[in-house]
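All remarks here apply to the structure that follows.
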Amino acid sequence: MSHDEFPTDDPAVVTCGLPYANGDLHVGHLRTYVAGDALSRGLRRIGQQTAFVCGSDMHGTPVAVNAAEDGVEPREFAQEYHETYAETFPKFNVEFDNYGHTDDATNTELTQEFVRSWVDGDHVHEKEIEVAWDTEEDQPLPDRFVEGTCPYCGEQARGDECDEGCQRHLEPGDIEDPVSTITGNPAEYRTREHKFLRLADFQDYLQGFLDRIEGTDNAKNQPREWIEGELQDLCITRDMDWGIDYPADDGEGDAEDLVLYVWVDAPIEYVASTKQYSERVGADEYDWEQVWKIGGETEHGTEWDDDWTAESGDIVHVIGRDIIQHHAVFWPAMLRGAGYNEPRSILATGFVGIDGKALSTSRNRAVWADEYLAAGFHPDLFRYYIATGAGLETDVDFSWDRFAERVNGELVGNVGNFAYRSLLFAHRNYDGTPDTDVSDDVRERIESAIAEFRSAVRAYDVRALAELATDLSNYGNEYIQRSEPWNLVDDDPERARQVIRDCVQLAKAVAVVMQPVLPGKAERLWGQLGEAGSVADVSLETALETPPVTFDEPEELFEQVEDDHVEALNDELQTRVESEPADGSETDDASADGADDDTPDLEPLETDRISFGDFEGVDMRVGEIVSAESVADADKLLKLEVDIGHEVRQVVAGLAELHDVEELPGTRVILLANMEQATIFGVESNGMVLAAGDEADLLTTHEDAPLGTRVQ
Ligand SMILES: [Zn+2]
């Protein structure tokens, strides 16, 4: 069953993963919020009624741990960060219709209602489990109060999340070799009673849900693996004071000293925040129940058949890719168990790296939100950079050098240059828009930009959306270059009038299509065109309407990023990273980012993409080393005979100092078979054995694909 195309008749809501109120915002967080903001603006522009909501995640151990370190109460600690976030987002032109927090009355009431619904639907049960315990402090160690080894992948993990490894959610008691983060002592396991949501009740439903869901491939595909086999119960309570109380009136056991797990009340804030928005503007204007609730079908989830799809509003979640499981497995089950609508789409954004390495808050290798703003750059420049850096689910690298290059080349040199020269020429020669009709070619070009805009929004393709303005400006610049209107004014005034008329129209279209990603700059260009009102309020088709007859002399839309400014910012970042101890403990994280791990120094990723066709030209085969011997006069080189099914190839490889010659025969390797032939130290080399890094870690296959099998 597929969804109606946007714009639909129902209201939509776009949400962003809630930031944990426990640390400063950095560019890694901002990527998700910029994407959500641009997308909601894009949806509105194509006529979709849309609310854009979020809130701070106040509860849970991420906040409690940091508050304890600072010696303040969690509420006070979280409130301060919440207020900072609420002030910071608008400075990046991230304009939520409502920004709440999980500790307010709306969310508390809704959360307890959800839990009561699950209890009524018989989806909650109580059982005894082993929880980690600090014997010195004599207290339980929920979630981030404990660290240890992930039982799934063996990486170092937090109590509730394998953040550095497989990204899986961990249940209390799952983690191996638990260590208390309070005292550093090995923790012991003790038996406690807790409440569980029986996810297995929703297993069939979730299968169907994952078939219906739209969004990024990672969000659609990764969860399939997680719901194979019977789903584990989700422990929904914790031994803590800080959080929303488990509603004790469930008629089963004593739950008075339990609070709800932070991942219970956090996503419910999406609903609570929409409700607050609705209450503020009135249900006639925007009805949160129309979006989130299922129109009077039945009371609770289990009675529905599992293929049933909601005829309600459209819920779009934009999150970091580290919290896919929470949104694509737990959350739909939670919603369904409470009689709520399901998400239409989940967009999981990749991480943001810094200068080719992982962003690391513990090493202070991050570009902070405040730092960007203090540098005096317009927020739209960052928005553009991050939106166009890669497709949503791909990691993006942030570097000040690249930032300057992109801003100067694409925004200053292309978009800004086009708008400025067009409007200046028009103002000086015609006092505004020349009095003639737009040419057919230009009209068609704008029409196709409008169509591309619609399809980009429908495909949730924020990068394509961001690139519309540069593409259109490119077209305009080429048009001006080709026509040379400055030479036409005297020789062929009619033609000059036509060219400039077209360019002013193109500039107007640029303002309209760039608005989702560059809202501040779009507004400015709108004003320069002498247009009334806000460009945010007009329809896409306005791009084709005639601009005002007169307008003032324009100003440059973008400012050049200067080299010495970039140099200073680079130095600052470098000094900061070097001054941090390499083994600094992690102090900051947020649910919307991740990527806070310390990885070895890696070569930066190639920014130039190759086409699939280019890749197809690379012929890599599974091979096996038949023999290996040293090459005369070359300490590092070995002459290998490699069997690749069709034939045995002789290749020369620099493996002598890194591998035991005796042990190489029989090793399965990957051979680049169509590498050009070479003669190395007098020995013919007919292919290349693939290996990773300075240690020449040989590539091989996991299973036993026959020799000669092509790698694809
Ligand atoms: Zn793991």
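The values are calculated or read from the model by the stated rules, or taken from the named source; none is laboratory data. Please read these numbers as outputs of a predicted model, since none were measured by experiment. Here the Cβ positions follow ideal geometry from the backbone for every residue, glycine too, while neighbour counts run over all protein chains shown. Heavy atoms of the whole protein, side chains included, go into the accessibility calculation; ligands, DNA and RNA do not. Shrake-Rupley method; radii C 1.70, N 1.55, O 1.52, S 1.80 Å.
Please specify each residue of the stretch 138-155 satisfying the condition of being open to solvent by 60 Å² or more (accessible area, probe 1.4 Å), within 16 Å of the ligand (Cβ to nearest atom) and under 16 Å from Tyr189 (Cα atoms).
Glu147
Take the stretch 501-535 and flag every residue that is among the acidic types (Asp, Glu) and in contact with a Lys or Arg (Cβ under 8 Å, 6 or more places away or on another chain).
The answer is Glu531, and nothing else.
Name the pairs whose Cβ atoms lie under 8 Å apart, with the first residue in the stretch 523-538 and hydroxyl-bearing (Ser, Thr, Tyr), the second open to solvent by less than 30 Å² (accessible area, probe 1.4 Å), and 6 or more positions between them or separate chains?
Note: pairs meeting the criteria are Ser534/Trp526.
Specify which of the listed residues (Asp204, Asp211) is open to solvent by 70 Å² or more (accessible area, probe 1.4 Å), away from the ligand (no atom under 16 Å from the Cβ) and touching a residue at least 60 places away in the same chain (Cβ under 8 Å).
Values: Asp211 fails: touching a residue at least 60 places away in the same chain (Cβ under 8 Å).
Checking each option against the conditions leaves just Asp204.
With respect to the numbered conditions (1) out of contact with any Phe, Trp or Tyr (no Cβ under 8 Å at 6 or more places or on another chain); (2) surrounded by fewer than 13 Cβ atoms within 10 Å (Cβ to Cβ); (3) not hydroxyl-bearing (Ser, Thr, Tyr), which one is the sole condition not fulfilled by Glu556?
Failing condition for Glu556: (1).
Hey, which of the helices (runs of 4 or more DSSP H) in the stretch 427-527, taking only ones fully inside, have at least 2 residues that are closer than 19 Å to Ile46 by Cα?
The qualifying helices (runs of 4 or more DSSP H) are 440-458, 462-483, 493-514.
Going through the stretch 569-606 one residue at a time, which ones are at pLDDT 50 or above, of a type outside the set (D, E, K, R) and surrounded by 10 or more Cβ atoms within 10 Å (Cβ to Cβ)?
Leu569, Asn570, Leu573, Gln574, Thr575, Val577, Ala582, Leu602, Pro604, Leu605
Among the residues of the stretch 36-49, which ones are in contact with a Phe, Trp or Tyr (Cβ under 9 Å, 6 or more places away or on another chain) and within 16 Å of Leu392 (Cβ to Cβ)?
Listed by number, the residues that qualify are Gly36, Asp37, Leu39, Ser40, Arg41, Gly42, Leu43.
Every residue in the stretch 426-460 that is within 20 Å of Leu411 (Cβ to Cβ) and either touching a strand residue (DSSP E or B) at 6+ places or on another chain (Cβ under 7 Å) or open to solvent by 40 Å² or more (accessible area, probe 1.4 Å) (or both), please.
Listed by number, the list holds a single entry, Glu452.
Among the residues of the stretch 641-660, are any open to solvent by 90 Å² or more (accessible area, probe 1.4 Å), over 13 Å from Val683 (Cα atoms) and modelled with pLDDT of 85 or more?
yes
Select from the stretch 174-189 the residues that are more than 19 Å from Glu128 (Cβ to Cβ) and within 16 Å of the ligand (Cβ to nearest atom) and write down the one among them that is least open to solvent (accessible area, probe 1.4 Å).
Result: Glu176.
For the stretch 156-173, enumerate the residues that are in contact with a Lys or Arg (Cβ under 9 Å, 6 or more places away or on another chain) and within 10 Å of the ligand (Cβ to nearest atom).
Residues satisfying the conditions are Ala157, Glu161, Cys162, Glu164, Gln167, Leu170.
Mind listing whichever residues of the stretch 525-553 are open to solvent by 50 Å² or more (accessible area, probe 1.4 Å), of a type outside the set (A, V, I, L, M, F, W, C) and farther than 15 Å from Leu424 by Cα?
Gly533, Asp537, Ser539, Glu541, Glu545, Thr546
What residue, of Phe77, Phe89, Phe6, is crowded, with 19+ Cβ neighbours inside 10 Å, assigned to a loop (DSSP other than H, G, I, E, B) and either at pLDDT 95 or above or in contact with a strand residue (DSSP E or B) (Cβ under 9 Å, 6 or more places away or on another chain) (or both)?
Just a single option satisfies the conditions, and that option is Phe6.
So Gly376 clears everything in (1) out of contact with any helix residue (DSSP H, G or I) (no Cβ under 9 Å at 6 or more places or on another chain); (2) under 18 Å from Lys91 (Cβ atoms); (3) among the small types (Gly, Ala, Ser) except one condition, right? Which one?
(1)
Hey, any hits in the stretch 252-262 for a residue that's buried (at least 17 other Cβ atoms within 10 Å of the Cβ) and closer than 16 Å to Ile323 by Cα?
Yes, the stretch 252-262 contains at least one residue that is buried (at least 17 other Cβ atoms within 10 Å of the Cβ) and closer than 16 Å to Ile323 by Cα.
Go through Tyr270, Tyr286 for me and flag whichever is part of a helix (DSSP H, G or I), crowded, with 21+ Cβ neighbours inside 10 Å and at pLDDT 95 or above.
Just a single option satisfies the conditions, and that option is Tyr270.
How about the stretch 372-398: which of its residues are over 15 Å from the mean Cα position of the chain (by Cα) and without any contact (Cβ under 8 Å) to a residue 60 or more places away in the chain?
Across the stretch 372-398, the qualifying residues are Ala374, Gly376.
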